[in-house]
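Each remark here refers to the structure printed beneath this line.
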Amino acid sequence: MSLSVILFVVVATATAVSAVGVVASRNVVRMAVWLLFTLIGVALLYFLLGAEFAGAAQLIVYVGGTLVLVVFGVMLTAHGPLRELRTKKGEWLVGGALGGALFALLVAMSLQLGSPATAPEGDALPGTGQLGLAFLGVSDTAPDGPITGVPADKATRRTRASYLLPFEIVSVHLLVVLVGAAYLARAKRRVNP
Amino acid sequence: MTEVGLTPFLILGAFLFACGVTCVTVKRNAVGVLMGVELILNAANVNLVAFARFNPAFRLDGQVFALMVVVLAAAEAAVALAIVLNFYNNHATVDVDEAKQLKE
């Protein structure tokens, strides 16, 4: 048992328990708190994987932004009986069976995948600088090695590519969506006397 | 076993995904359904970053698409909450079983 295995077991257990808490708790405020712990656990997983920038973005954008939005939604809508809506037994049965079946299917697929037991030696994930250059279209983002996991005749090396266009699209998309959300949620003037 | 392989991360992602799907199907509160969607997106993100770590061909792509998913999740949460608030203003409930129309 090395340190990385112990850390992974601790973080993964905390994340999984918090995810179960999101599903199991009936109070919507408690669900938000469990979701907070799940998101923090996922960010710690990114740090364990060596993706520091993705982990930091997860903490800042998800935990600091999206979750605050969700908590505002909870606070604006949860009052009295709406805070704890009961689910019927039959719905729990159907939902649990669906989730369990999907989990079994995905685990079977992951075990079949023939995973690399260890990470490739000596190359950490690209850092913030390389990611930023790739987003700006300055650096070459074609992978170093051939793409594995596809038939051999399809495993061509990609030519020069960058993420400038997806980056711009996602930026404009976020702007448009936020303007639309502000329009949808605006305070309406009452017309009825 | 001195290092964690790819499979534990995939299994954790599968577990988060199953929890999210169960949350979406079971919850009656619209905000609860939204939280289930967040869980599903996080499960996909765990898979993306894990593949970026363990497959040398996807070292940049995995992280880049994880960041895109984070941004899209923020957009999705904003629109969904706006719709939920609109619905709550018109009907004074957030029970998705009673949601039949958005207008009054």
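Conditions tested, residue by residue: (1) surrounded by fewer than 21 Cβ atoms within 10 Å (Cβ to Cβ); (2) at pLDDT below 95.
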{"site": "A:I6", "(1), (2)": "yes, yes"}
{"site": "A:A14", "(1), (2)": "yes, no"}
{"site": "A:V17", "(1), (2)": "yes, no"}
{"site": "A:V22", "(1), (2)": "no, yes"}
{"site": "A:N27", "(1), (2)": "yes, yes"}
{"site": "A:R30", "(1), (2)": "yes, yes"}
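The listed residues are A:L67, A:L49, A:L45, A:L36, and the only one of them that is free of Cβ contacts under 8 Å to residues at least 40 places away in the same chain and more than 30 Å from B:T93 (Cα to Cα) turns out to be A:L45. Does B:I83 satisfy the criteria of being at the interface with chain A (Cβ under 7 Å from one of its Cβ atoms), farther than 26 Å from A:L44 by Cβ, surrounded by fewer than 20 Cβ atoms within 10 Å (Cβ to Cβ) and over 12 Å from the mean Cα position of the chain (by Cα)? Yes, satisfied.
Scanning the stretch B:55-88 for residues that are farther than 24 Å from B:L10 by Cβ and modelled with pLDDT under 85 yields no hits at all. The criterion of being in contact (Cβ under 8 Å) with a residue 12 or more places away in the chain, more than 30 Å from B:D97 (Cβ to Cβ) and outside the structural domain of A:A182 (by TED's automatic domain parsing) does not hold for A:L85.
Kindly evaluate B:A75 against the criterion of being of a type in the set (A, V, I, L, M), over 24 Å from A:G64 (Cβ atoms), without any contact (Cβ under 8 Å) to a residue 40 or more places away in the chain and part of a helix (DSSP H, G or I).
Numbers: of a type in the set (A, V, I, L, M): yes; over 24 Å from A:G64 (Cβ atoms): no; without any contact (Cβ under 8 Å) to a residue 40 or more places away in the chain: yes; part of a helix (DSSP H, G or I): yes.
No: the conditions fail for B:A75.
Candidates A:L113, A:L93, A:L82, A:L136: the one that is surrounded by 13 or more Cβ atoms within 10 Å (Cβ to Cβ) and modelled with pLDDT of 65 or more is A:L82.
Please tell me if A:A54 is in a helix (DSSP H, G or I), out of contact with any strand residue (DSSP E or B) (no Cβ under 6 Å at 6 or more places or on another chain), at pLDDT below 95 and of a type in the set (G, A, S).
So A:A54 passes the test.
Filtered by the rule that a residue be within 12 Å of B:F15 (Cα to Cα), in contact (Cβ under 8 Å) with a residue 24 or more places away in the chain and facing another protein chain (nearest Cβ under 8 Å), the stretch B:27-44 gives a lone residue, B:N42.
Do the conditions hold for B:L10, that is, is it in a helix (DSSP H, G or I), in contact (Cβ under 8 Å) with a residue 24 or more places away in the chain and under 11 Å from the mean Cα position of the chain (by Cα)?
Values: in a helix (DSSP H, G or I): yes; in contact (Cβ under 8 Å) with a residue 24 or more places away in the chain: yes; under 11 Å from the mean Cα position of the chain (by Cα): no.
Considered against the rule, which asks whether it is in a helix (DSSP H, G or I), in contact (Cβ under 8 Å) with a residue 24 or more places away in the chain and under 11 Å from the mean Cα position of the chain (by Cα), B:L10 comes out as no.
Filtering the stretch A:155-174 for residues that are modelled with pLDDT under 80, in contact with a Leu (Cβ under 7 Å, 6 or more places away or on another chain) and either over 30 Å from B:A74 (Cβ atoms) or not charged (D, E, K, R) (or both) leaves an empty set. Exactly one residue out of B:V70, B:V49 is of a type in the set (V, I, T), facing chain A (nearest Cβ under 7 Å) and surrounded by 23 or more Cβ atoms within 10 Å (Cβ to Cβ): that is B:V49.
Does B:F58 count as crowded, with 20+ Cβ neighbours inside 10 Å, in contact (Cβ under 8 Å) with a residue 24 or more places away in the chain and either out of contact with any strand residue (DSSP E or B) (no Cβ under 8 Å at 6 or more places or on another chain) or more than 7 Å from every other protein chain (Cβ to nearest Cβ) (or both)?
Working: crowded, with 20+ Cβ neighbours inside 10 Å: yes; in contact (Cβ under 8 Å) with a residue 24 or more places away in the chain: no; either out of contact with any strand residue (DSSP E or B) (no Cβ under 8 Å at 6 or more places or on another chain) or more than 7 Å from every other protein chain (Cβ to nearest Cβ) (or both): yes.
Here the answer is no, as B:F58 does not meet what is asked.
Out of curiosity, is B:V21 touching a residue at least 24 places away in the same chain (Cβ under 8 Å), at the interface with another protein chain (Cβ under 7 Å from one of its Cβ atoms) and assigned to a helix (DSSP H, G or I)? Judged against the criteria, B:V21 is not a match.
Got a sec? Which of B:A30, B:A18 is under 16 Å from the mean Cα position of the chain (by Cα), farther than 30 Å from A:Y183 by Cα and buried (at least 23 other Cβ atoms within 10 Å of the Cβ)? Full working, then the answer.
On the way: B:A30 fails: farther than 30 Å from A:Y183 by Cα.
Result: B:A18 is the single residue among B:A30, B:A18 that is under 16 Å from the mean Cα position of the chain (by Cα), farther than 30 Å from A:Y183 by Cα and buried (at least 23 other Cβ atoms within 10 Å of the Cβ).
The values are calculated or read from the model by the stated rules, or taken from the named source; none is laboratory data. Note that the structure is a prediction, hence the values are computed from the model and not measured. A quick note on method: Cβ atoms are made from the backbone with ideal geometry, for glycine too, and the neighbour counts reach across all protein chains shown.
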